[in-house]
Structures are given as C-alpha cells and as structure tokens.
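The values are calculated or read from the model by the stated rules, or taken from the named source; none is laboratory data. A quick note: this is a predicted structure, and the numbers were derived from the prediction, not measured. Positions of Cβ are generated from backbone atoms using ideal geometry, with glycine treated the same way; all protein chains shown enter the neighbour counts. For the accessible areas, the whole protein counts, side chains as well, though only heavy atoms, and no ligand, DNA or RNA atoms are used. Shrake-Rupley method; radii C 1.70, N 1.55, O 1.52, S 1.80 Å.
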Amino acid sequence: MPVNSYSNTSKQGTICYTAHGNLYLNITNRCTARCVFCVRDLSDGVYGYNLRLLYEPSVEEIKQALEKNNFLKYREIVFTGFGEPTVRLDDMLFLIRWLKGHGTYVRLDTNGHAQLLYPNRDVVKELRDAGLDSVSISLNAESEDIYNRLCQPRYKNAYQSMLDFTEKAVNLGIRTRMTVVGFTEIDIEKCKRIADNMSADFHVR
C-alpha cells in the first residue's frame, strides 16, 4: 500500500511519501530559490502526493508520521519535498540524530545554500556530525550567470556557495552527488565535468 500523509483526513499536505524504495520527508515549503523549472509551479506534488503544506509540521508530528509509515523498512530516508530542508536546520539535525539512532540511512536533497542561511555556523560539519550519510546537491548550471537566470536564488554568490558546500561535503566524507535537470539551457556535459572535478557523483534528474 502506498504511503500517504500523516494527516490524510485534513487538507494538510503530505509529510512522508514513498518512491524508489525510499521514504521522503517534506518538512517545509520555504525555499531560497525560484527555479524556472520547479515542479511547484506545475503541480501540487509528485507521485500523486499533495506536498503543499498548510503549516510546517512540528518535530513531533514528523516523528509520528515516520513511525506510522514504518520507516525502518526503507532503503533511505530522504529530506526533500517542496522546499529547501535546511531552512529548518536545527529541526533537521535533531531528526537526523533520531533516525540514525534507529539505524537508518539518511540523505539530504538540497540546493546547497545553507551556509548563506547560517553564515556563523559550520553547516556541513554539523550535518556530518549529526550522522548524515549522503547529500544530493542541485548544481543545475555550468556557470553562475546561467544559474542565476534559471534558479533565481535569494542570496548573492549562491552559485559559489553551492560549490563550496559540495567541496566541503566531499572533504568531510559525506557521500556527495551533484544533480541537474534535463533542461535545454543547461549544458549537461559541462555540469558533469564540474562534478567529476569535485569528486562528486553526477545525476540527471
């Protein structure tokens, strides 16, 4: 049976949803970018799940959603969804520790802007120390100009910050992947070379 939202009887969007043998966590709809290809502008969700949250679920609600969906049977627990998970960094760190305490494999899908959100913190090290196993970072362009035009980040220097985030994750031993959307304005081969040069895996999503 497919996993449904924690509060299916209300109009609150889905917290947990499943695909590819993984359990995905949708903990916020806030984001630090407005990508022109974002699925949020095309639909209310993915895989048939409504991901538009009426409010951000509390840590306790997220834990209850995980427990109701038997999270231990999934290959990976993935922080992703309709927003940028690191905008809730402290809640995320708590949940990573809690999940790792149950022996799960935890991944973060991110735009890599977290150091701009928390300039006085060592975000990647905090994620590593909490037990994060892997990170998938949205590269999405082969240059800053194209990135700014397609991703419309809220912060200046977001492209370089994303590259720095990637480099630090690799150096700290977090399994790291860079991803791009198969979009006509993106040079996939140049993006792959960037990932290769940073010793990160590469994926077209």
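Here are the numbers for the structure shown:
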{"read-out": "Mean residue ellipticity (222 nm) of the chain, computed from DSSP H runs ≥ 4 via -39,500 (n - 2.57), nearest 500", "value": "-9500 deg cm²/dmol"}
{"read-out": "Amide proton proximity set for A19, modelled H, under 5 Å, gap of 5+", "value": "Y24"}
{"read-out": "Mean separation of Cα contacts under 8 Å, 6 or more apart, over the residue count of region 1-156: relative contact order %", "value": "25"}
{"read-out": "Protection-proxy order for peptides 82-93, 164-175, 40-51, each taking the mean of Cβ atoms within 10 Å per residue, highest first", "value": "82-93, 164-175, 40-51"}
{"read-out": "Cut-off under 5 Å, modelled amide H: who pairs with V135 long-range", "value": "L108, R175, T176, R177"}
{"read-out": "Solvent-accessible area per residue for the chain (1.4 angstrom probe, square angstrom)", "value": "48"}
{"read-out": "Rotationally averaged projected area of the chain (alpha carbon convex hull; nm²)", "value": "10.9"}
{"read-out": "Sum of side-chain charges, F79 neighbourhood, beta-carbon under 11 Å (Lys, Arg +1; Asp, Glu -1)", "value": "-2"}
{"read-out": "Percent of beta bridges antiparallel (DSSP, the chain, rounded to nearest 5)", "value": "25"}
{"read-out": "Region 105-165: relative contact order as a whole-number percent, Cα under 8 Å and 6+ apart", "value": "47"}
{"read-out": "Long-range amide H partners of R30 with built H, under 5 Å", "value": "E84"}
{"read-out": "Rounded, prolate or oblate (a/c below 1.5 giving rounded, otherwise prolate when a/b exceeds b/c) for region 38-129 by Cα gyration tensor", "value": "oblate"}
